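The values are calculated or read from the model by the stated rules, or taken from the named source; none is laboratory data. These numbers come from a predicted model, not from an experiment. Neighbour counts are summed over all protein chains in view; Cβ atoms, including those assigned to glycine, are modelled from backbone coordinates with ideal geometry.
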Amino acid sequence: MTVTTLVVPAGGLGTRFLPATKALPKEMVPVGDRPAIQWGLEEAVASGIHRAVVVTAPGKDLIRAHFASDPALEQILESRGSRELAERVRSIAGLCQLEFVEQLEPLGLGHAVLCARPLLEGEDAVAVLLPDDLFDGTPPLLAQLLEANARAGCTVLALRRYPRESISRYGVAEVAGDGPVFQVTDVVEKPSAEEAPSDLAIMGRYVLSREVLDRLDQVAPGAGGEIQLTDAIREVARAGRVLGVEFVGRLLDVGTLDSWLATNAAIVWRDPVLGPALRERIRELEAEP
């Protein structure tokens, strides 16, 4: 089973970033020197995936614009002697093959994948990446999931351990085996700490088999009319056809304002140019009365 296509759900309202995201899609908030969604697409390319279907919403034209070619800007940069920067701008449009589809209402992750399905005909499996999480590590997170999928030919979930007191924020996997690759026997959406079947949370990376994609049509809408992806995965997991990978590396959250600030600080801190400037500025702030 060769996975060649990525689905990127990017149709959310960005309510946790308002008012900053009133006009700016939250997927376009800068992390270091590029928007969050670009980090995700670069991870996919590094994992061997070169086609992405981005599920946007009405009014999110800035995402398309960012990945479109801009010869006029490139020419201006080159005329000013900024050839390296011009090449970096040029490379964005050639990053991968991008296709766009709109999700007219924010009705859940499962619904976003359903919106992309007309562009997924002929695909035995697809990867899904949530741009709220940036991956830091080697090999890329998607590559770790794709390796498990290539061996087993089934749906694969990214798993990360969390303390029981914070597990209720996530979908949680019930698993069998010792890991780092587990058999997933069930999934539960945001259980209480007492009812959680494990401490393994499902993170923002998936490889979904055609079986899961086809089952999304049968998922009944839940609270708020949303279609939960975990409901489709649950049925396949109970049939023994879902794996979970406790991955190597770390995810940096950019889904809330405070986590976005922390992630930017973590990335800039290690930058050879910006890192020293950030540390100097922090020293100055600490010295201020």
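State yes or no: is Val45 at pLDDT 95 or above and crowded, with 19+ Cβ neighbours inside 10 Å? Let's see the steps before the verdict.
Numbers: at pLDDT 95 or above: yes; crowded, with 19+ Cβ neighbours inside 10 Å: no.
So Val45 fails the test.
Just to be sure, is Glu194 out of contact with any Cys (no Cβ under 6 Å at 6 or more places or on another chain), modelled with pLDDT under 95, not hydrophobic (A, V, I, L, M, F, W, C) and not in a loop (DSSP other than H, G, I, E, B)? So that I can check it myself, show each step before the final result.
Values: out of contact with any Cys (no Cβ under 6 Å at 6 or more places or on another chain): yes; modelled with pLDDT under 95: yes; not hydrophobic (A, V, I, L, M, F, W, C): yes; not in a loop (DSSP other than H, G, I, E, B): no.
Judged against the criteria, Glu194 is not a match.
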Give just the number: which of (1) surrounded by fewer than 16 Cβ atoms within 10 Å (Cβ to Cβ); (2) within 19 Å of the chain's Cα centre (by Cα) does Gly240 not satisfy? (2)
Residues in segment 243-283 that are under 21 Å from Arg160 (Cβ atoms), buried (at least 17 other Cβ atoms within 10 Å of the Cβ) and hydrophobic (A, V, I, L, M, F, W, C): how many? 8
Which one of these does Glu286 not meet: (1) exposed (fewer than 11 other Cβ atoms within 10 Å of the Cβ); (2) at pLDDT below 90? (2)
Restricting attention to segment 183-200, does a residue exist that is closer than 21 Å to Leu134 by Cα and hydrophobic (A, V, I, L, M, F, W, C)? yes
Residues within segment 1-20 that are of a type outside the set (A, V, I, L, M) and free of Cβ contacts under 8 Å to residues at least 40 places away in the same chain, tallied: 3
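Identify all residues within segment 155-199 that are free of Cβ contacts under 8 Å to residues at least 12 places away in the same chain and either crowded, with 18+ Cβ neighbours inside 10 Å or touching a strand residue (DSSP E or B) at 6+ places or on another chain (Cβ under 6 Å) (or both); write none if there are none.
If we filter segment 155-199 for residues that are free of Cβ contacts under 8 Å to residues at least 12 places away in the same chain, which is where we start, we get 166, 176-178, 194-195.
Residues satisfying the conditions are Ala176, Gly177.
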Out of all the residues in segment 52-75, which are in a helix (DSSP H, G or I) and of a type outside the set (A, V, I, L, M, F, W, C)? Asp61, Arg64, His66, Pro71, Glu74, Gln75
Do we have any residue at all in segment 253-265 that's assigned to a strand (DSSP E or B), more than 15 Å from Ala148 (Cβ to Cβ) and either touching a strand residue (DSSP E or B) at 6+ places or on another chain (Cβ under 8 Å) or not β-branched (Val, Ile, Thr) (or both)? yes
Might you let me know whether segment 26-33 holds any residue that is part of a strand (DSSP E or B), more than 17 Å from Gly204 (Cα to Cα), out of contact with any Lys or Arg (no Cβ under 9 Å at 6 or more places or on another chain) and not β-branched (Val, Ile, Thr)? yes
Filter segment 221-237 down to the residues that are closer than 29 Å to Glu147 by Cβ and not β-branched (Val, Ile, Thr), then identify the one that is surrounded by the fewest Cβ atoms within 10 Å (Cβ to Cβ). Glu235
Hey, could you check segment 70-111 for residues that are free of Cβ contacts under 8 Å to residues at least 24 places away in the same chain and β-branched (Val, Ile, Thr) and say which is surrounded by the most Cβ atoms within 10 Å (Cβ to Cβ)? Val89
Every pair of residues 6+ apart whose Cβ atoms lie under 7 Å, when the first sits in segment 57-69 and is within 11 Å of Leu24 (Cβ to Cβ) while the second is among the acidic types (Asp, Glu): Ile63/Glu27
Flag for Leu142 being surrounded by 24 or more Cβ atoms within 10 Å (Cβ to Cβ) and within 27 Å of Val45 (Cα to Cα): yes
Please determine whether any residue of segment 200-219 is surrounded by fewer than 18 Cβ atoms within 10 Å (Cβ to Cβ) and in a loop (DSSP other than H, G, I, E, B). no
